[in-house]
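Everything on this sheet refers to the single structure shown next.
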Amino acid sequence: MAKEHRAGSKVRGDKLPAILMANHLLEGDVVFLADGGWTLDPSGAKIAHDAETAAAMEAEGKAAAAANAVVDPYLVPVDLTTTGLPVARHFRDAMRQKGPSVHPDMGKQAEYAPIR
Amino acid sequence: MYRYDEFDERFVRERVAQFRGQVERRLEGSLTEDEFKPLRLKNGLYLQLHAYMLRIAVPYGTLNSRQLRQLAHIAETYDKGYGHFTTRQNLQFNWPKLKDVPDILDLLADVEMHCIQTSGNCIRNVTADQFAGVAKDEVEDPRPTAELLRQWSSLHPEFVWLPRKFKIAVTGAEHDRAAIKVHDIGLKLKRNAAGEVGYEVIVGGGLGRTPMIGKVVRDFLPKEELLAYLEAIMRVYNSEGRRDNKYKARVKILVHETGEEEFRARVEEEYAKLDGPTINAPEEEVERIAAYFAPPAYEDLAEDSATLDGARASDPALDRFVEQNGFAHKQPGYIALTIALKEIGAVPGDMSADQMRAFADIAEKYSFDEFRVTHSQNLVLPHVKKDDLPAVYAALKEAGLASANAGLITDIIACPGLDYCALATAKSIPIAQDIAKTFADPDRQKAIGDLPIKISGCINACGHHHVGAIGILGLEKGGRENYQITIGGDATEHAALGERLGPGIDAGDVPGAIEAVVETYLAEKQGSESFIETVRRTGAEPFKAGFTAFIEARAAAQSEAAE
Ligand code: HEM
Ligand code: SF4
């Protein structure tokens, strides 16, 4: 079976800081790895500032996928806002952090505080 | 309309039960994602950027009011209150939860619907002319053929794991509205010199990464030989089609690499080996299927309706709607209507649950309980009495479904693109919205005339950009979205692939570039030529010049602003 899509951020170059993003298996919703578990809230994502933390988070994501909690976990390079919140650097990842641009009434942007 | 027999019913129910079991095993952990994915795809379930997506088959684009009401119910109960009609005449829900999907499939089965053949490397849901059974230029209704193919292909053991997906489209009309030349197999019902009905068989068309126009492999195939002949094509493809590289696995590549002559010879060779009569459908079965598509009980009416003429004279909006969205019907006194899901600024193809219910009522009351989905992401009321048209228009208007722009520059096809699609390289829907807003003025649209714009958010070409009179392809360049514009593409019997106008541009420049292209057309146009006719006559050169001038002017304005 050919792979229908490849999970993974398309950002080139520097990959830090980063967060870990996946889809929740049952719901399908985008989830973020937080301290001790997964959150639906993009502001709650745990941020890796160094390579070791990023590697540990990636391993945690793989384990969660193996345990059938999430699907397609991958690290997402981010910039930080003045208040320290993560904004995905690639527009594709940013779309997943917010929800469809054509439906501001749907997805994360409708359910959680915006990242500023 | 086709109604399930016991066999269909049992088959669909069994598939739902089977998938319910698969979901349970996935949720309890005995199936991994890698094991589960091909199974969910066989049932039309994808994982997209934000959520799962469920693709529901609408065989040859025909639906009734009960089915649409059920879709409205599903949209409200399990999704976010809307559905999205696609270029494959299917419907997609963008937010279902995995755990709910088996229940959704059961609700679909209650109204004789399913998600089979909407995904995976099988023969996909067969598409057809949206004016099937209605069009004046039709030799024969293509839907009985499409239904026969559905029955033949959905269980055929040889075709369950093809090298790649396989799409068949059928038309029965002279004018091709089903894009048969850009499908893996395109079938056109026609008459030979002796007046017998048969098929022109076209193989190897396709869009995507390597767009190709299909080749005629049989100019006239007697009608009763259809299944055996297609089986021969499928066997050649199944044994020789490439399985080593998914980008080369479609039949178009096989036809291209083998050569048209040689491919035709191989098909004929395979065909000669087959025992036709054991494969071809028995005459009674063909007749049984055709009976489902018998014309509804039309009234005997005069061709013209004084009621309609009077209403058109006093209501210019109605007049414009009928002129633009009306389609000549075989039956005197009737008309087919295109319902463009293309209000200015709306998402092409989206329909809310409320609109679905309102539309179901209209179809039930005024169109023999039947409607169609078109590959332009629109709907069709196939059999409206002209006398009823003023009432139908009023009801459509009330539901926000009376957009009088069918076929015009604002009737844009757009794939979901980066707003939903996991494969996208750029957004597609917002580009359509921006162009529609730019050309919102109805008089301006009318002056420009028919101009199909088609937009895809990546090279897979789900938005048919290669065959748009203006095609737009969204890519990623240097971390930004970037759009390539083509012109001269055509999905009809004059099938052609578009030609690039120049380098890719930013999203914000697209509406301006389209305006430049349109200005070129209006300047070059002779007589009553449509956009595509002008391009066919002049070639792309004048349009390239207009496009280049636009880009240069933009660049100059930008550097001035920067100073
Ligand atoms: C959203 C999830 C979708 C995915 C993952 C997807 C995937 C793909 C892929 C991979 C191809 C290229 C196939 C090839 O060339 O072998 C393709 C082509 C195509 N898809 Fe989609 N697609 C999606 C949505 C749609 C939608 C919404 C439509 C209708 C609007 C659509 C209609 C088509 C058509 C018409 C083609 C090109 C025709 C051809 O196959 O030659 N797809 N799709
Ligand atoms: S063309 Fe690309 S972006 Fe658009 S729906 Fe198809 S796969 Fe997705």
Original post:
So B:Q484 fits all but one of (1) within 16 Å of ligand 1 (Cβ to nearest atom); (2) more than 14 Å from chain A (Cβ to nearest Cβ); (3) surrounded by fewer than 24 Cβ atoms within 10 Å (Cβ to Cβ); what number is the exception?
Top reply: (1)
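Condition check: open to solvent by 40 Å² or more (accessible area, probe 1.4 Å), out of contact with any Lys or Arg (no Cβ under 8 Å at 6 or more places or on another chain) and either closer than 27 Å to B:T145 by Cβ or not charged (D, E, K, R) (or both). Does B:A311 satisfy that? Talk me through it step by step, then tell me what you get.
Numbers: open to solvent by 40 Å² or more (accessible area, probe 1.4 Å): no; out of contact with any Lys or Arg (no Cβ under 8 Å at 6 or more places or on another chain): yes; either closer than 27 Å to B:T145 by Cβ or not charged (D, E, K, R) (or both): yes.
So B:A311 fails the test.
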Subject >> Residues located in the stretch B:387-430, provided they are in a loop (DSSP other than H, G, I, E, B) and more than 16 Å from ligand 1 (Cβ to nearest atom) >> reply: B:A399, B:G400, B:L401, B:A402, B:S403, B:A404, B:N405, B:A406, B:G407, B:L408, B:I409, B:T410
Original post:
If B:F543 passes every condition in (1) within 14 Å of B:G502 (Cα to Cα); (2) at pLDDT below 95 but one, which one does it miss?
Top reply: (2)
Subject >> Residue in the stretch B:336-349 that is farther than 29 Å from B:D490 by Cα and open to solvent by 20 Å² or more (accessible area, probe 1.4 Å) present >> reply: no
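Looking for whichever is without any contact (Cβ under 8 Å) to a residue 40 or more places away in the chain, away from ligand 1 (no atom under 15 Å from the Cβ), β-branched (V, I, T) and in the same structural domain as B:G206 (by TED's automatic domain parsing) here; the options are B:V160, B:V139. Which one fits?
Working: B:V139 fails: without any contact (Cβ under 8 Å) to a residue 40 or more places away in the chain.
Checking each option against the conditions leaves just B:V160.
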**OP:** Tell me which residues, restricted to the stretch B:380-427, are touching a Pro at 6+ places or on another chain (Cβ under 7 Å) and within 16 Å of ligand 2 (Cβ to nearest atom).
**Re:** B:I412, B:I413, B:A414, B:D419, B:Y420
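Do any strands (runs of 3 or more DSSP E) lying entirely in the stretch B:301-386 carry at least 3 residues that are touching a Phe, Trp or Tyr at 6+ places or on another chain (Cβ under 7 Å), and which ones are they? Give the derivation first.
Details: elements: B:326-328, B:334-339, B:350-352, B:371-373, B:379-385.
Hits in the stretch B:301-386: B:334-339, B:350-352, B:379-385.
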**OP:** May I ask you to list the residues in the stretch B:93-119 that are open to solvent by less than 10 Å² (accessible area, probe 1.4 Å) and either on the phi > 0 side of the Ramachandran plot or among the polar types (S, T, N, Q) (or both)?
**Re:** B:T118, B:S119
Original post:
Just for the stretch B:180-207: of the residues that are surrounded by fewer than 24 Cβ atoms within 10 Å (Cβ to Cβ) and of a type in the set (G, A, S), which one is nearest to ligand 2 (Cβ to nearest atom)?
Top reply: B:G198
**OP:** Give the residue, chosen from A:K98, A:K108, A:K62, that is within 13 Å of another protein chain (Cβ to nearest Cβ), surrounded by fewer than 17 Cβ atoms within 10 Å (Cβ to Cβ) and of a type in the set (K, R).
**Re:** A:K62
Original post:
Out of the stretch B:465-481, which residues are open to solvent by 10 Å² or more (accessible area, probe 1.4 Å) and assigned to a strand (DSSP E or B)?
Top reply: B:L473, B:L475, B:E476, B:K477, B:R480, B:E481
Subject >> Residue selected from the stretch A:65-95 under the condition in a strand (DSSP E or B) and open to solvent by less than 20 Å² (accessible area, probe 1.4 Å), by the criterion nearest to the other protein chains (Cβ to nearest Cβ) >> reply: A:V71
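Can you find a residue that is among the polar types (S, T, N, Q), open to solvent by 10 Å² or more (accessible area, probe 1.4 Å) and in contact with an Asp or Glu (Cβ under 9 Å, 6 or more places away or on another chain) anywhere in the stretch B:351-362? If you could, list the steps in order and put the result at the bottom.
In the first step, residues of the stretch B:351-362 are kept if they are among the polar types (S, T, N, Q); the result is B:352, B:355.
This time we only want the ones that are open to solvent by 10 Å² or more (accessible area, probe 1.4 Å), so: B:352, B:355.
Next, only the ones that are in contact with an Asp or Glu (Cβ under 9 Å, 6 or more places away or on another chain) stay: none.
No, the stretch B:351-362 has no match at all.
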**OP:** Kindly indicate whether any position in the stretch B:452-474 is over 30 Å from B:K188 (Cα atoms) and away from ligand 1 (no atom under 16 Å from the Cβ).
**Re:** no
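Considering every residue within the stretch B:431-451, establish whether at least one is part of a helix (DSSP H, G or I), at the interface with another protein chain (Cβ under 10 Å from one of its Cβ atoms) and more than 9 Å from ligand 2 (Cβ to nearest atom). Show your work before the answer.
Step one: list which residues in the stretch B:431-451 are part of a helix (DSSP H, G or I), which gives B:431-438, B:442-448.
Subsequent filtering for residues that are at the interface with another protein chain (Cβ under 10 Å from one of its Cβ atoms) retains B:432-433.
Keeping just the survivors that are more than 9 Å from ligand 2 (Cβ to nearest atom) gives B:432-433.
Yes; the residues of the stretch B:431-451 include at least one that is part of a helix (DSSP H, G or I), at the interface with another protein chain (Cβ under 10 Å from one of its Cβ atoms) and more than 9 Å from ligand 2 (Cβ to nearest atom).
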Original post:
Is it fair to say B:D441 is open to solvent by 10 Å² or more (accessible area, probe 1.4 Å) and away from ligand 1 (no atom under 15 Å from the Cβ)?
Top reply: yes
**OP:** Have a look at B:A436, B:A422, B:A432, B:A426 and point out the one that is in the same structural domain as B:V517 (by TED's automatic domain parsing) and at pLDDT below 95.
**Re:** B:A422
**OP:** For B:R177, indicate whether it is within 14 Å of another protein chain (Cβ to nearest Cβ), on the phi < 0 side of the Ramachandran plot and within 15 Å of ligand 1 (Cβ to nearest atom).
**Re:** no
Subject >> Scan of the stretch B:528-552 for residues that are within 31 Å of the chain's Cα centre (by Cα) and either open to solvent by 40 Å² or more (accessible area, probe 1.4 Å) or not assigned by TED's automatic domain parsing to the domain that holds B:G504 (or both), ordered by number >> reply: B:S528, B:E533, B:R536, B:R537, B:E541, B:K544
Subject >> All positions within the stretch B:2-29 that are open to solvent by less than 20 Å² (accessible area, probe 1.4 Å) and of a type in the set (A, V, I, L, M, F, W, C) >> reply: B:V12, B:V16, B:F19, B:V23
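Only one residue in B:G489, B:G468 is in contact with a Gly (Cβ under 7 Å, 6 or more places away or on another chain), without any contact (Cβ under 8 Å) to a residue 40 or more places away in the chain and under 30 Å from B:G172 (Cα atoms), so which one is that? Reasoning before the result, please.
Values: B:G468 fails: without any contact (Cβ under 8 Å) to a residue 40 or more places away in the chain.
Among B:G489, B:G468, only B:G489 is in contact with a Gly (Cβ under 7 Å, 6 or more places away or on another chain), without any contact (Cβ under 8 Å) to a residue 40 or more places away in the chain and under 30 Å from B:G172 (Cα atoms).
Could you check, for the stretch B:68-81, whether at least one of its residues is open to solvent by less than 10 Å² (accessible area, probe 1.4 Å), modelled with pLDDT under 90 and away from every other protein chain (no Cβ under 14 Å)? Full working, then the answer.
Here is the first cut: in the stretch B:68-81, the residues open to solvent by less than 10 Å² (accessible area, probe 1.4 Å) are B:68, B:71-72, B:74-75.
Add one more test, that the residue is modelled with pLDDT under 90, and what stays is none.
Among the residues of the stretch B:68-81, not one is open to solvent by less than 10 Å² (accessible area, probe 1.4 Å), modelled with pLDDT under 90 and away from every other protein chain (no Cβ under 14 Å), which makes the answer no.
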Original post:
Looking at the stretch B:444-457, which of its residues are open to solvent by less than 30 Å² (accessible area, probe 1.4 Å) and at negative phi?
Top reply: B:Q445, B:I448, B:L451, B:I453, B:K454, B:I455, B:S456, B:G457
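The values are calculated or read from the model by the stated rules, or taken from the named source; none is laboratory data. Just so it is clear, the model here is predicted, and its values are computed rather than measured. Note: ideal-geometry Cβ built from the backbone for every residue, glycine included; neighbour counts use all protein chains shown. We work out accessible area using only protein heavy atoms, side chains counted, and drop any ligands, DNA or RNA first. Shrake-Rupley method; radii C 1.70, N 1.55, O 1.52, S 1.80 Å.
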